[in-house]
Amino acid sequence: MPTAVIMPKLGLTMVEGQIIEWRKNEGDRVEKGEILFVIETEKVTYEVEAPESGLLAKVLVPAGETRPIGETLAYIVQPGETLAETPVKAPPPRSAAQVQPSPEPAVVPAGPESGGPSRESAEKIKISPVAKKIAEEHGLDITLVKGTGPQGRIVKEDVLRAVEEAQKPVAAPPAQAAEAGPPRSRLVKPGGMRRTIARRMSESFQTPHFWMSKSAFAVRLKEARERLLPAVERDTGQRLTYTDLIVKAVARALESFPGVNAYWTAEGIEMLEEINVGLATSVPDGLIVPVIRQANLKSLAEITKIRSDLVTRGRDGKLGLDELAGSTITITNLGMAGIEYGYPIINPPEASIIALGAIKERPFVVDGQVAPLLSLNITLGIDHRILDGFIAAQFLNRVVELIEDPLLLL
């Protein structure tokens, strides 16, 4: 019997998916386990395998459409099987009166019936011979000339005045200002990821946010990275980044402030036992947050290796939903784009988010003298339902302390 191909459920939070492309056409032979179509969920792009071998008999949902989980998208049949199709209801036929073209209006020549001048009316006009001759030479319609002579007779001066008026250049109508209206545009239908980002950020921005920022001196952070980089690269094949060091610093700071490592729920504040750091990562048409789990328990080399793998596979659309869920705090590194400050929106249901600015030399007063020092700005966004300013400030101070003295991370 025919096998239904349905929209799969790829994670606990998935409610719908958008079909990006069908890898097979109707009538094509498919093998079980072969990639049949590609979908985009709120977080990832996923290749879906054929559930059975056979012929792709009917595609019910074309590429570009979004459907909820469990909905039938197509059918696979065995050779010799047929699939009953529901006939498409045709629109009601149009009546003859509806389809008959309306006649074009006839062109009526100027004449007595149309109100235009006629030969008879022109012959009855009183005009002097001189005036008539001048009018004929200039092709002037005497029926349009108002006579000023006795009994309305058209005289020479009347015709000359009419000729002069006719020869005046016609003034162009004043240029009208462009009508106000919407600018030219084109409609882009967002994919599942962009729609989810829009929904989640709209929901998150209803949360009572507050932000605080602090500068961290980065001289020792730079020195630590330069000293550790060769060893980490030798062990992992990947280069240690500033982000890796800061992930470790944030995770260690959360150990000292467990109240920050929490979720807001309808039942109350959920205190989380694991410290999982999410990294906001830009991908085509959206943003994902791959998660480094139990980051506080991992070495810098392990964090470097995991971070590199997650970001690489994430940008290729090859992460599983479990690798994009469960973060307890998110870090967004705006410094890579040269940004110095950012005020990020919390990634719900987390209690906080950290934005990193660019690491660069800035002027500071040291011993009464202005000196350039390497630093970065760190902004902490907080859910005020969970945390108040003093605890949040203590947590941020601890993060800065660990960045300024990275030996504490070891």
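The number of residues in the stretch 12-23 that are under 19 Å from R200 (Cβ atoms) and crowded, with 16+ Cβ neighbours inside 10 Å comes to 4. Inspect all residues belonging to the stretch 206-215 and state whether any of them is open to solvent by 40 Å² or more (accessible area, probe 1.4 Å), assigned to a strand (DSSP E or B), at pLDDT 95 or above and of a type in the set (K, R). Yes, some residue in the stretch 206-215 is open to solvent by 40 Å² or more (accessible area, probe 1.4 Å), assigned to a strand (DSSP E or B), at pLDDT 95 or above and of a type in the set (K, R). Picking from residues in the stretch 16-59 that are part of a loop (DSSP other than H, G, I, E, B), of a type in the set (D, E, K, R) and touching a residue at least 40 places away in the same chain (Cβ under 8 Å), the one that is farthest from V291 (Cα to Cα) is E52.
Which one of G64, G70 is modelled with pLDDT under 90 and more than 24 Å from R313 (Cβ to Cβ)? Please lay out each step first, then the result.
Numbers: G70 fails: modelled with pLDDT under 90.
Selected residue: G64, the only one of G64, G70 that is modelled with pLDDT under 90 and more than 24 Å from R313 (Cβ to Cβ).
Considering (1) among the aliphatic types (A, V, I, L, M); (2) farther than 25 Å from T41 by Cβ; (3) assigned to a loop (DSSP other than H, G, I, E, B), the lone condition that I303 does not fulfil carries the number (3).
Of all residues in the stretch 286-298, exactly one satisfies the criterion of being at pLDDT below 95 and open to solvent by 50 Å² or more (accessible area, probe 1.4 Å), namely L287. Screening the stretch 267-285 for residues that are under 16 Å from E350 (Cβ atoms) and of a type in the set (A, V, I, L, M, F, W, C) and picking the one that is surrounded by the most Cβ atoms within 10 Å (Cβ to Cβ) gives V277. Restricting the stretch 291-316 to residues that are more than 23 Å from the chain's Cα centre (by Cα) and among the acidic types (D, E) leaves a set whose member that is farthest from L408 (Cα to Cα) is D309. Restricted to the stretch 154-176, and to residues there that are open to solvent by 90 Å² or more (accessible area, probe 1.4 Å) and modelled with pLDDT under 65, the residue that is farthest from H138 (Cα to Cα) is Q176. Any residue at all in the stretch 236-257 that is over 25 Å from G326 (Cβ atoms) and not aromatic (F, W, Y)? Yes, the stretch 236-257 contains a residue that is over 25 Å from G326 (Cβ atoms) and not aromatic (F, W, Y). Looking across the stretch 249-269, the residues that are under 14 Å from L387 (Cβ atoms) and within 33 Å of the chain's Cα centre (by Cα) come down to V260, N261, A262, Y263, W264, I269. With a requirement of 2 or more residues that are more than 23 Å from the chain's Cα centre (by Cα), the strands (runs of 3 or more DSSP E) lying completely within the stretch 317-410 that satisfy it span 352-356, 360-366, 369-383.
For the stretch 60-85, residues that are surrounded by 15 or more Cβ atoms within 10 Å (Cβ to Cβ) and closer than 18 Å to G33 by Cα total 5.
Quick check on the stretch 240-247. Is at least one of its residues acidic (D, E) and either free of Cβ contacts under 8 Å to residues at least 40 places away in the same chain or surrounded by fewer than 16 Cβ atoms within 10 Å (Cβ to Cβ) (or both)? Spell out the reasoning first.
At the first step, the residues of the stretch 240-247 found to be acidic (D, E) are 244.
Checking the rest, the ones that are also either free of Cβ contacts under 8 Å to residues at least 40 places away in the same chain or surrounded by fewer than 16 Cβ atoms within 10 Å (Cβ to Cβ) (or both) come to none.
No, the stretch 240-247 contains no residue that is acidic (D, E) and either free of Cβ contacts under 8 Å to residues at least 40 places away in the same chain or surrounded by fewer than 16 Cβ atoms within 10 Å (Cβ to Cβ) (or both).
For the stretch 368-385, which positions are more than 21 Å from E223 (Cβ to Cβ) and open to solvent by 30 Å² or more (accessible area, probe 1.4 Å)? Before the answer, list the steps.
We begin by selecting, within the stretch 368-385, every residue more than 21 Å from E223 (Cβ to Cβ); these are 368-370, 379-385.
G368, Q369, V370, H384, R385, listed by residue number.
The values are calculated or read from the model by the stated rules, or taken from the named source; none is laboratory data. The model shown is predicted, which means the values in this text are computed figures rather than measured ones. So basically every Cβ, Gly included, is an ideal-geometry build from the backbone, and we count neighbours across all protein chains shown. Note: accessible area is taken over every heavy atom of the protein model, side chains too, but ligands, DNA and RNA are not part of it. Shrake-Rupley method; radii C 1.70, N 1.55, O 1.52, S 1.80 Å.
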